[in-house]
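No value in this document is a laboratory result; all are computed from the given coordinates. Source: prediction; values computed, not measured. All Cβ positions, glycine included, derive from the backbone under ideal geometry; neighbour counts span all protein chains shown.
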Amino acid sequence: MKHIYLDNNATTRIAPEVLEAMLPYLKDSFANPSSFHSFGNSVEDDIENARKNVARLIGANSEEIIFTSGGTEGDNWALKSAVRINRNRTLVVISSVEHPAVLEAADYLREEGFRVDRIGVFQDGSLKMNDLRKAVGSDTALVSIMTANNESGIIFPLEEISKIAHEAGAYFHTDAVQAIGKVAIDVNRMGIDMLSMSAHKFHGPKGVGAFYLKSGIRLPRFIHGGHHERGFRAGTYNVPGIIGLGEAARLALEYIDVETKETEKLRDMLQDGIIRECPGAYVLGAESPRLPNTVTMLFSGVESESILMLLDMKKIFVSSGSACSTGSKDPSYVLLAMDIPQNDANSAIRFSLSRYTTKEEIEFTIETLKEIIKKLRNISPFT
Ligand code: PLP
């Protein structure tokens, strides 16, 4: 085994089919899709085909899809633009466990004079729905709650949340970056007005994503400078990236059953094996609905940094939190929001699988972890 990659919530490998689909656009099919000649037109057709595949994945129409540079851009767009539609509404409601792209965009809005309400979560990771109901009212411009959390994998009840937002006349945005390709999403059934996604989280290339904007919602332009993307977002198309995103979306739709069943089986095998072989280990948010590929394990009293390092030496790659907080020794804000005791929060390891994860890799990881935790517990002053 070369290495074992169990950090797919940070990023995923590009699917071979995606790479194959992209290559011609890095070589011979280099035309600008906005050009009027037939060379440009043929690339434009391929871009529109990619748009169709992205739309199909979430039950949208292709006219509702706008290509972006990824999840961070989509989240910024939703927050900063939605509050400009109805200026009498000055409140934005988010959760305390959103990705920094939402949290920091909300901080920016606060500096601009808007109010921001952060809804907390219970210890099992579920959203405090009563607090959400109380917070959302006639002053609410936007409710933005992620589809699933990147660290815990916990899935939020979007249908219920969008209903609360709509009853108050607010728009509903969801950061679906971690959920796309892992759980079925239907923007109409779920009452989603805006959605952000990112190709590199589901075996597409980095630096490209899409924003779903329900038809009829008139957001202000986000990037000025041309008429690309129906005037919403100017800039020459990232053609290879968009083609890769389209192919990744097509594959995601094809694989979604495999992903939910096979990946979940391996994920459960991993978490059961760890609980069996590593006394004291437990699953974060075990009782809540979770992404089929994600499990965060807490190894009370054993420092996650040490586990990470020893796993790394065996070429097993995992995360001790979200990729964005790597490098910081502070416990993750998501775990703190879940009221996980600091000693446990410092021991969290996130394992995130993909369609390429194998049973042999999971077996090897459990065996390796068993030895690592035994060794660390023997030298830990806390156990
Ligand atoms: N939202 C969530 C939930 C994420 O996990 C990430 C990436 O880690 C992002 C947004 C940012 O997406 P991108 O890397 O495409 O900017």
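State, as an integer percentage, the relative contact order of the chain based on alpha-carbon contacts under 8 Å between residues 6 or more apart.
That works out to 22 percent.
For a quick check, take a GNM of the chain with Cα springs below 10 Å and name the residue from Ala15, Ala179, Ala249 with the largest mean-square fluctuation.
Evaluated over the chain, the most mobile residue of the options is Ala15.
Normalised by the number of residues in segment 187-345, what is the relative contact order in percent for Cα pairs under 8 Å and 6+ residues apart?
Details: 142 pairs, mean separation 19.6, N = 159.
Contact order relative to length: 12 percent.
Counting Lys and Arg as +1 and Asp and Glu as -1, each charge on the Cβ, what is the dipole of segment 1-94 about the Cα centre in debye, to the nearest 20?
500
Among Thr72, Thr147, Thr296, which comes first, then next, by fewest other beta-carbon atoms within 10 Å?
Final ranking by Cβ density, sparse to dense: Thr72, Thr147, Thr296.
Give me the percent relative contact order of segment 150-249, please, defined on Cα pairs under 8 angstrom at least 6 residues apart.
It comes to 20 percent, rounded to a whole number.
For segment 143-196 and segment 3-71, what is the centre-to-centre distance using only Cα atoms, to the nearest Å?
First find each Cα centre; the distance between them is then 23 Å.
Comparing Gly153, Gly74, Gly120, which has the greatest mean-square fluctuation in the GNM of the chain with Cα pairs linked when under 10 Å apart?
It is Gly120.
Which of Lys201/Lys265; Lys2/Lys27; Lys128/Lys370 have a Cα-Cα distance over 25 Å?
Correct reply: Lys2/Lys27; Lys128/Lys370.
Using the count of nearby Cβ atoms within 10 Å as a rough guide to exposure, how do Asp7, Asp268 rank from fewest to most?
Sorted ascending by nearby Cβ count, the order is Asp268, Asp7.
Rounded to whole Hz and in sequence order, give me ³J(HN,Hα) for segment 356-363 from the Karplus expression 6.51 cos²θ - 1.76 cosθ + 1.60, θ = phi - 60°, writing x for Gly and Pro.
Running phi through 6.51 cos²θ - 1.76 cosθ + 1.60 with θ = phi - 60° gives 8, 6, 10, 4, 4, 5, 5, 4 Hz.
Comparing Met269, Met194, Met338, which has the greatest mean-square fluctuation in the GNM of the chain with Cα pairs linked when under 10 Å apart?
Per the Cα network of the chain with a 10 Å cutoff, Met269 tops the list.
List, in order, the whole-Hz ³J(HN,Hα) value for each residue of segment 18-24 obtained from phi through the Karplus relation with A = 6.51, B = -1.76, C = 1.60 and θ = phi - 60°; use x for Gly and Pro.
Taking θ as phi minus 60°, the curve returns 5, 4, 4, 5, 7, 3, x Hz for segment 18-24.
What residues have an amide H closer than 5 Å to that of Ile154, excluding those fewer than 5 places away on the same chain, when H is modeled at 1.01 Å from N in the peptide plane?
When sequence neighbours closer than 5 places are left aside, the close amide H contacts are Asn149, Leu291.
Using the 10 angstrom Cβ neighbour count as an exposure proxy, how do Met313, Met22 rank, fewest first?
Placing the least packed residue first, the sequence is Met313, Met22.
Just name one of Ser34, Ala50, Ser81: the one whose Cα is farthest towards the positive end of the charge dipole of segment 1-107 (beta-carbon charges, Lys/Arg +1, Asp/Glu -1).
Projecting each Cα onto the dipole axis, the largest value belongs to Ser81.
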